[in-house]
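The values are calculated or read from the model by the stated rules, or taken from the named source; none is laboratory data. This structure is a prediction, so every number in the text was calculated from the model and none was measured. Here Cβ is always computed from backbone atoms with ideal geometry, including for glycine, and neighbour counts include all displayed protein chains.
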Amino acid sequence: MPRLKVSRSALHGRGVYAAEEIGKGVKVIEYVGKRVSAREAERVAEEQLCRSSKSGTGAVYLFTINKKYDIDGNVPWNKARLINHSCDPNCEAQNIRGHIWIVSKRKIKTGEELTYNYGFGMDSWQDHKCRCGSPKCLGYIVAASSRGALSRVLKRRRV
């Protein structure tokens, strides 16, 4: 695994940075945490959203593993939880045999901040404002597959 460092981020709070060059297609870091049932994950998500609305810190640290289980990555030993969202990310999350890996989409330079698309659904888009600064940014964090739908919603609101 490549060497990484945690430092302040212009995107949001802290971020994870490449301490050395990372090639394309590399498993950069595993997203780890407590395995919880899907039902428990719903409760945890509500708690985390409530806490984040009061504090302004990161919101939800859950990843779906399968229909029954999620990973609650809101644990101190999960450095991957500090990787910020971007609408034009250099990494992506992949479920590889029940493990969530952050994998590089392209070559990442030494000192570059790691980012991936958090992939939130349209059901809660207003709860997740985006600060990535990318020219592709719509102002909210949604899955790439939902960007067209969100763009149409935002255009209707401006009219």
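When both residues are 6+ apart or on different chains and their Cβ atoms are under 6 Å apart, which pairs have a first residue that lies in the range 142-154 and is closer than 14 Å to Asp123 by Cα, and a second that is among the hydroxyl-bearing types (Ser, Thr, Tyr) and crowded, with 17+ Cβ neighbours inside 10 Å?
none
Any residue in the range 117-141 that is under 18 Å from Gly13 (Cβ atoms) sitting within a Cβ distance under 8 Å of a residue that is in a loop (DSSP other than H, G, I, E, B) and of a type in the set (Phe, Trp, Tyr)? List the pairs, counting only those 6 or more apart or interchain.
Listed pairs, sorted by first residue: His128/Tyr118; His128/Phe120; Ile141/Tyr118; Ile141/Phe120.
Of all residues being of a type in the set (Val, Ile, Thr) and under 16 Å from Pro89 (Cβ atoms) in the range 2-28, which is surrounded by the fewest Cβ atoms within 10 Å (Cβ to Cβ)? Just the residue, please.
Residues of the range 2-28 that are of a type in the set (Val, Ile, Thr), as a first pass: 6, 16, 22, 26, 28.
So of that shortlist, the ones also under 16 Å from Pro89 (Cβ atoms) come out as 16, 22, 26, 28.
Numbers: Val16: 23, Ile22: 25, Val26: 17, Val28: 21.
Here the residue is Val26.
If we keep just the residues of the range 89-147 that are acidic (Asp, Glu) and closer than 26 Å to Val36 by Cβ, which is surrounded by the fewest Cβ atoms within 10 Å (Cβ to Cβ)?
First pass over the range 89-147, keeping only residues acidic (Asp, Glu): 92, 112-113, 123, 127.
Remaining after also requiring closer than 26 Å to Val36 by Cβ: 92, 123, 127.
Working: Glu92: 15, Asp123: 9, Asp127: 14.
Within the range 89-147, the match that is surrounded by the fewest Cβ atoms within 10 Å (Cβ to Cβ) is Asp123.
So in the range 126-153, with the set limited to residues that are in a helix (DSSP H, G or I) and touching a strand residue (DSSP E or B) at 6+ places or on another chain (Cβ under 8 Å), which one is modelled with the lowest pLDDT?
As a first pass, look at the range 126-153 and keep what is in a helix (DSSP H, G or I): 126-127, 144-153.
Pick out the ones that are also touching a strand residue (DSSP E or B) at 6+ places or on another chain (Cβ under 8 Å) and you get 126, 150.
Values: Gln126: 83, Leu150: 90.
Among those that are in a helix (DSSP H, G or I) and touching a strand residue (DSSP E or B) at 6+ places or on another chain (Cβ under 8 Å), it is Gln126.
Would you mind listing the strands (runs of 3 or more DSSP E) fully within the range 1-103 where at least 1 residues are over 18 Å from Tyr118 (Cβ atoms), touching an Asp or Glu at 6+ places or on another chain (Cβ under 6 Å) and in contact (Cβ under 8 Å) with a residue 12 or more places away in the chain? Even if it seems obvious, please write down each step before you answer.
Details: elements: 4-8, 14-18, 27-31, 34-37, 62-64, 69-72, 91-96.
Per the criteria, 14-18, 34-37.
Out of (1) out of contact with any strand residue (DSSP E or B) (no Cβ under 9 Å at 6 or more places or on another chain); (2) of a type outside the set (A, V, I, L, M); (3) assigned to a loop (DSSP other than H, G, I, E, B); (4) closer than 20 Å to Ala41 by Cβ, the odd one out for Asp123 is which?
(3)
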